Amino acid sequence: MAFPKLQTKLPMAVLKKKGVNHTKELKKKIDIDDIPLEKKNARLYHIGIVVSVVFVIFSITLFGLKISSKGLNKSVPLKEVEETVEEVETEKEEIIQLDREEITLEILNASGVAGAAGDMKEIFEDFGYSDIEVGNADDAEGNELYIDPEYKDLVDLLLEDVEDELDIEETLELEDEDAIEEGIIARIILSS
């Protein structure tokens, strides 16, 4: 950007010192480039403008950074942090449970009473279980519930139903690989 040359009229006192006919010369404009002090002042003026513009840009940038950093450094009250931690822990604890129709049951009769497994199948079908196999088993001491270890935390509904219907409070780990491969999630053994 080119700055226009500044021109001014010299005061009469300056013109008298130079020995100039002041009436004629007052009408003339004198170029500032002819006066060394004015050249220096013009440079300082231009430098001052550039420095001022740089300072304004720097100040605006600094102010913008300060405002944006306030949002990042905002402190969160301890109560809010504790509530958030509790929510995350609650979400971790909430394990998705299998519905009754998703649980594959095997009910085995070890009671010696014919049809006991079939009768229990009908009871569990009334609860909403749909995939139930029945069969016979060797003698057992009391009613037993075996659960595939992969599903032990996902069958709370089954545990409630078994406890209510068969008074079984303790579960055992299903170790029969053939049953697990067939997709059996739980095995109930009925005894006398």
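From (1) part of a loop (DSSP other than H, G, I, E, B); (2) at pLDDT 90 or above; (3) in contact with a helix residue (DSSP H, G or I) (Cβ under 8 Å, 6 or more places away or on another chain), pick out the condition that doesn't hold for I184.
Among (1) part of a loop (DSSP other than H, G, I, E, B); (2) at pLDDT 90 or above; (3) in contact with a helix residue (DSSP H, G or I) (Cβ under 8 Å, 6 or more places away or on another chain), the lone unmet condition for I184 is (3).
So, in segment 149-173, exactly how many residues are under 39 Å from the mean Cα position of the chain (by Cα) and assigned to a loop (DSSP other than H, G, I, E, B)?
Count: 4.
Under the condition of being part of a helix (DSSP H, G or I) and among the hydroxyl-bearing types (S, T, Y), which residue from segment 31-78 is modelled with the lowest pLDDT?
S69
Among the residues of segment 100-148, what is the count of those that are more than 47 Å from the chain's Cα centre (by Cα) and either under 17 Å from E160 (Cβ atoms) or touching a residue at least 24 places away in the same chain (Cβ under 8 Å) (or both)?
Counting residues in segment 100-148 that are more than 47 Å from the chain's Cα centre (by Cα) and either under 17 Å from E160 (Cβ atoms) or touching a residue at least 24 places away in the same chain (Cβ under 8 Å) (or both) gives 19.
Filter segment 180-192 for residues that are loosely packed, with under 14 Cβ neighbours inside 10 Å and within 39 Å of the chain's Cα centre (by Cα); which is farthest from I103 (Cα to Cα)?
E181
So how many residues does segment 125-148 have that are surrounded by 12 or more Cβ atoms within 10 Å (Cβ to Cβ) and part of a helix (DSSP H, G or I)?
2
List pairs: first in segment 158-178 and under 17 Å from A137 (Cα atoms), second surrounded by 13 or more Cβ atoms within 10 Å (Cβ to Cβ) and among the basic types (K, R), Cβ under 7 Å, 6+ apart or cross-chain?
Close Cβ pairs (under 7 Å, with a partner that is surrounded by 13 or more Cβ atoms within 10 Å (Cβ to Cβ) and among the basic types (K, R)) amount to L174/R187.
Quick one: in segment 161-179, which of the residues that are surrounded by fewer than 16 Cβ atoms within 10 Å (Cβ to Cβ) and over 21 Å from G128 (Cα atoms) is modelled with the lowest pLDDT?
By that ranking, first place goes to E170.
The values are calculated or read from the model by the stated rules, or taken from the named source; none is laboratory data. No experiment lies behind these values; they were computed from the predicted model shown. Please note: Cβ atoms are built from the backbone with ideal geometry, for glycine as well, and neighbour counts cover all protein chains shown.
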